[in-house]
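The values are calculated or read from the model by the stated rules, or taken from the named source; none is laboratory data. Small disclaimer: the values here were computed from a predicted structure and weren't measured. Here the Cβ positions follow ideal geometry from the backbone for every residue, glycine too, while neighbour counts run over all protein chains shown. Side chains are part of the model used for accessible areas, which takes the heavy atoms of the whole protein and leaves out ligands, DNA and RNA. Shrake-Rupley method; radii C 1.70, N 1.55, O 1.52, S 1.80 Å.
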Amino acid sequence: HHPAPTDNSTLSLHDALPILNQTTATANGGLSTGVSIYRGLRNQNELRRADLSILAGQYQLDKMKDDISLFVINAYLDVLFGKEAVKVAIPQLEITREQLIRTNQLVEAGTLPRGDLLDVQATLANDEQNLIITQNHVRLALITLAQLLQLDESENFDVAHEEIETLPLINLADYSVD
């Protein structure tokens, strides 16, 4: 109950309005999840891309294995061809040496000019150089093959020389299709 204002009295705001003492409490909360319900075809495409990546890796591994095999085969063939070149160079050197002896005898007899002897000597030097080059080539080919095979000792490494029988030749005309 509030007193009524009179001429001699004053009304204070405190008397007129009741003051409320109130406490307010608020709470906020949230919930979040990382599960995708639908992302279009993105999941399927990522799976397909991962499968293709695995397949590409397998193909790359197979290619590397094939490349190593080819490197070993090429190195082995290089050794064989080099050894054959040495087999050809040795008799050629012997022929040139015999030719040098004959030419020297003919020059001393006066039948051939001294220039022919110098030509044969140059040929002999060239044949000797060729033999050394082919022998070095075989040695380098053996070292390369040993390295590809990951052998520890390449100094004493060599390949066996095996004779291979040649296949009989056949006449294809005998096998004509009628």
#### Entry: Inter-label distance, nm, simple model (7 Å from Cα along the C-beta direction), Tyr175/Glu128
5.2 nm
### Task
Count charges around Ala89 for me, please; just the other residues with Cβ under 12 Å from its Cβ, Lys/Arg as +1, Asp/Glu as -1.
-2
#### Entry: Average projected area [Cα convex hull, segment 45-98], square nanometres
4.2 nm²
### Task
Using only the Cα atoms of segment 84-178, each taken as one equal point scatterer with no solvent, compute I(q) by the Debye sum, divide by I(0), and report log10 of the ratio at q = 0.21 Å⁻¹.
-1.02
### Task
Would you be so kind as to identify which of Leu145, Leu61, Thr96 lies farthest towards the positive end of the dipole of segment 50-159, taking Lys and Arg as +1 and Asp and Glu as -1 on Cβ and the Cα centre as origin?
Thr96
### Message
Please list 3J(HN,Hα) in residue order for segment 100-116, calculated via the Karplus relation 6.51 cos²θ - 1.76 cosθ + 1.60 where θ = phi - 60°; whole Hz, with x for glycine and proline.
### Response
4, 4, 4, 5, 4, 5, 5, 5, 5, 7, x, 6, 10, x, 4, x, 5
### Query
Averaged per residue, what accessible surface does segment 55-178 expose to a 1.4 Å probe, in Å²?
79 Å²
### Query
What are the ³J(HN,Hα) values, in whole Hz, obtained from phi via the Karplus relation 6.51 cos²θ - 1.76 cosθ + 1.60 with θ = phi - 60°, for each residue of segment 46-61 in sequence order, with x given for Gly and Pro?
5, 5, 4, 5, 5, 4, 5, 5, 5, 5, 5, x, 5, 4, 5, 5
#### Entry: Lys87-Ser154 FRET efficiency (beta carbon distance; Förster radius 25 Å; 0.05 resolution)
0.65
#### Entry: Whichever aspartates and glutamates have a C-alpha closer than 18 Å to that of Lys87, once near sequence neighbours (fewer than 8 apart) are set aside
Asp78, Glu98, Asp127, Glu128, Asp158, Glu162, Glu163
### Convex hull (Cα only) mean projected area of segment 39-145, reported in nm² to one decimal
10.3 nm²
### Message
Can you order the peptides 143-149, 117-123, 49-55 by their average number of other Cβ atoms within 10 Å per residue, highest first?
### Response
143-149, 117-123, 49-55
### Summary
So, over other residues within a Cβ distance under 12 Å of Gln99, counting Lys, Arg +1 and Asp, Glu -1, the net charge is -3
### Task
Distance from a point 7 Å along Cα→Cβ of Asn104 to each backbone N in segment 119-154: keep the residues under 11 Å and list them by number.
121
